[in-house]
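Everything on this sheet refers to the single structure shown next.
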Amino acid sequence: MTKAIRIIGISGSLRNNSYNTAALRAAADLLPEGAFMEIVDLSPIPIFNEDVEAKGLPQAVIDLKEKLVKADAFIISTPEYNYSIPPVLKNALDWASRGSDLPLRGKPLAMISASLEVLGGGYVQHHLRRVCGKLELQTINSRKVLITNASKKFDQDGKLIDDIARKSISNLMRKLVAKTQELSSSKAEGF
């Protein structure tokens, strides 16, 4: 029997009724057997500041890094702010990239974007791939999962009701789990 795959979900939105957080909940429901997801809350993470870092990591950053260390893989669902990465998400990635313990390095990453617009999400995923490449994450390189016109694809309770989006997320989750298993096998074999 193989060990369960632990996935950390990160939303690039702090909004209470965020479509991107709802997309993460849908992804958790669509995970293949043997995998589970925890969605982390980025709201307690302070803005990165080297002066703060020099005095010692804030507890919220320590807690985040501990969760990231224990993760086998990650999924980020994020809106697009001005054609780029929301500050809360970039801030969390910046904190995670600091120090000698780099909890993201070498781990698989999947991406989703949910947007009210018809074309929203493509730019943020492009920028996020560049940042995550620098952080040495192993991004799943498949067709982008962009949930456009999100207000029509989630019900009033935040449940994803669009069959095409659900199928796309399900396929992405299968690819993420398969990539995680592949990397785990390679490490076990000493590659």
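What to note about this one:
- The residue of segment 75-111 that is farthest from THR139 (Cα to Cα), among those that are surrounded by 19 or more Cβ atoms within 10 Å (Cβ to Cβ) and hydroxyl-bearing (Ser, Thr, Tyr), is THR78.
- Taking the criterion of being under 23 Å from LEU183 (Cβ atoms), assigned to a strand (DSSP E or B) and out of contact with any Lys or Arg (no Cβ under 7 Å at 6 or more places or on another chain), the residues of segment 75-109 that qualify are ILE75, ILE76, SER77, LEU109.
- Of all residues in segment 113-125, those satisfying the criterion of being surrounded by 21 or more Cβ atoms within 10 Å (Cβ to Cβ) and of a type in the set (Gly, Ala, Ser) are SER113, ALA114, SER115, GLY121.
- Residue check for LEU31: touching a Leu at 6+ places or on another chain (Cβ under 7 Å), outside any strand (DSSP E or B) and hydrophobic (A, V, I, L, M, F, W, C): no
- Selection status of LEU93, in contact with a Gly (Cβ under 6 Å, 6 or more places away or on another chain) and either in contact (Cβ under 8 Å) with a residue 24 or more places away in the chain or over 19 Å from ASN20 (Cβ atoms) (or both): no
- Taken over segment 7-26, the criterion of being over 19 Å from ALA92 (Cα atoms) and touching a Lys or Arg at 6+ places or on another chain (Cβ under 7 Å) is satisfied by ALA26 alone.
Yes or no, residue by residue, for (1) of a type in the set (Lys, Arg); (2) surrounded by 15 or more Cβ atoms within 10 Å (Cβ to Cβ); (3) outside any loop (DSSP other than H, G, I, E, B):
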position	(1), (2), (3)
ARG6	yes, yes, yes
SER13	no, yes, no
LEU24	no, yes, yes
ILE45	no, yes, no
ALA54	no, no, yes
VAL61	no, yes, yes
LYS65	yes, yes, yes
LEU68	no, yes, yes
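- Segment 126-170 - residue that is polar (S, T, N, Q) and free of Cβ contacts under 8 Å to residues at least 12 places away in the same chain and, of those, most open to solvent (accessible area, probe 1.4 Å): GLN156
- Meets criteria (surrounded by fewer than 20 Cβ atoms within 10 Å (Cβ to Cβ), farther than 14 Å from ALA92 by Cβ and acidic (Asp, Glu)) for ASP29: yes
- Residue list for segment 41-89, filter: closer than 13 Å to LEU104 by Cβ and among the β-branched types (Val, Ile, Thr): VAL69, ILE75, ILE76
- Inside segment 110-125, residues that are within 15 Å of the chain's Cα centre (by Cα) and in a loop (DSSP other than H, G, I, E, B) make up a count of 1.
- Among the residues of segment 171-190, the ones that are of a type outside the set (Gly, Ala, Ser), over 15 Å from SER142 (Cβ atoms) and either part of a helix (DSSP H, G or I) or touching a residue at least 60 places away in the same chain (Cβ under 8 Å) (or both) come to 3 in all.
The values are calculated or read from the model by the stated rules, or taken from the named source; none is laboratory data. Every value quoted in this text rests on a predicted model; they were computed, and no experiment measured them. Cβ sites come from the backbone with ideal geometry, for glycine too, and all protein chains shown count toward neighbours. Heavy atoms of the whole protein, side chains included, go into the accessibility calculation; ligands, DNA and RNA do not. Shrake-Rupley method; radii C 1.70, N 1.55, O 1.52, S 1.80 Å.
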